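Asker: Before I ask anything, here is the structure I am working with.
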Amino acid sequence: MGTRGREILASFGIKLDELIKLLNKAYADEWLAYYQYWLGAKVAVGVPKEAVVAELIQHAADELRHAGLVADRIIQLGGTPLLEPQAWIKETNCGYDSPKDPDVRVLLKQNIAGEQCAITQYKKIMDYTKDKDPVTYDMALRIMTDEIEHEEDLEAIEEDIKIMESRLAK
Ligand code: MG
Ligand code: FE
Ligand code: FE
């Protein structure tokens, strides 16, 4: 980002190194979420496999796009996106849940927890930048809007599974 852009943020009391650190944690989360979804879509088994795989593939693409948005903003702020994949594990807030049990019900549970964590993290970034850094705030809001949609998509499938299971139990 240009010199003036950074001066303005400093005048609002934004500590650039703190903000960049927060963004790099979100960046780590996005890559790990991307891989978790991408691999989950490959290994998923169970019912309804097709609906789950379609969501996982779509969400993986969204998480990768989010990683790109966050990286671009880190660079604008004068920072460097985490350079090593090893740093993703060190810096992540939301962690990585491997799809070692590929049952779609387990994958849904893991990924819903991931989305809920992501929503919380972007809320933190919004609180940190509110009335101080409208560009980062706007980015976090747009990403959070996607994460809320992701959570809802996965919970809707979970609901369908419950309905199906209760019918089968009768
Ligand atoms: Mg979706
Ligand atoms: Fe994301
Ligand atoms: Fe998401």
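Asker: Determine which single condition Asp101 fails, assuming it passes every other condition in (1) under 17 Å from the mean Cα position of the chain (by Cα); (2) not in a helix (DSSP H, G or I).
Answerer: (1)
To keep it simple, each residue is scored yes or no on (1) at positive phi; (2) small (Gly, Ala, Ser); (3) at pLDDT 95 or above; (4) within 15 Å of ligand 3 (Cβ to nearest atom).
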residue	(1), (2), (3), (4)
Glu84	no, no, yes, no
Ala87	no, yes, yes, no
Asp103	no, no, yes, no
Leu108	no, no, yes, yes
Ala113	no, yes, yes, yes
Lys124	no, no, yes, no
Tyr128	no, no, yes, no
Met139	no, no, yes, yes
Asp146	no, no, yes, yes
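Asker: Given the conditions (1) surrounded by fewer than 13 Cβ atoms within 10 Å (Cβ to Cβ); (2) away from ligand 2 (no atom under 15 Å from the Cβ); (3) not aliphatic (A, V, I, L, M), report the number of the one that Glu152 does not fulfil.
Answerer: In the conditions (1) surrounded by fewer than 13 Cβ atoms within 10 Å (Cβ to Cβ); (2) away from ligand 2 (no atom under 15 Å from the Cβ); (3) not aliphatic (A, V, I, L, M), Glu152 misses (2) alone.
Asker: Let me ask something else. If you check Leu82, Leu141, Leu168, Leu107, which single one turns out to be within 16 Å of ligand 2 (Cβ to nearest atom), in a helix (DSSP H, G or I) and of a type outside the set (S, T, N, Q)?
Answerer: Leu141
Asker: Considering only residues that are within 16 Å of ligand 1 (Cβ to nearest atom) and free of Cβ contacts under 8 Å to residues at least 40 places away in the same chain, look in region 116-141 and name the one that is surrounded by the fewest Cβ atoms within 10 Å (Cβ to Cβ).
Answerer: Gln116
Asker: Now for a separate question. Name the residue that is surrounded by the most Cβ atoms within 10 Å (Cβ to Cβ), counting only residues in region 1-48 that are under 14 Å from Gln121 (Cα atoms) and basic (Lys, Arg).
Answerer: Lys25
The values are calculated or read from the model by the stated rules, or taken from the named source; none is laboratory data. Only a predicted model underlies this, so the values are computations on that prediction, with no experimental measurement involved. Neighbour counts run over all protein chains shown; Cβ positions are idealised from the backbone, glycine included.
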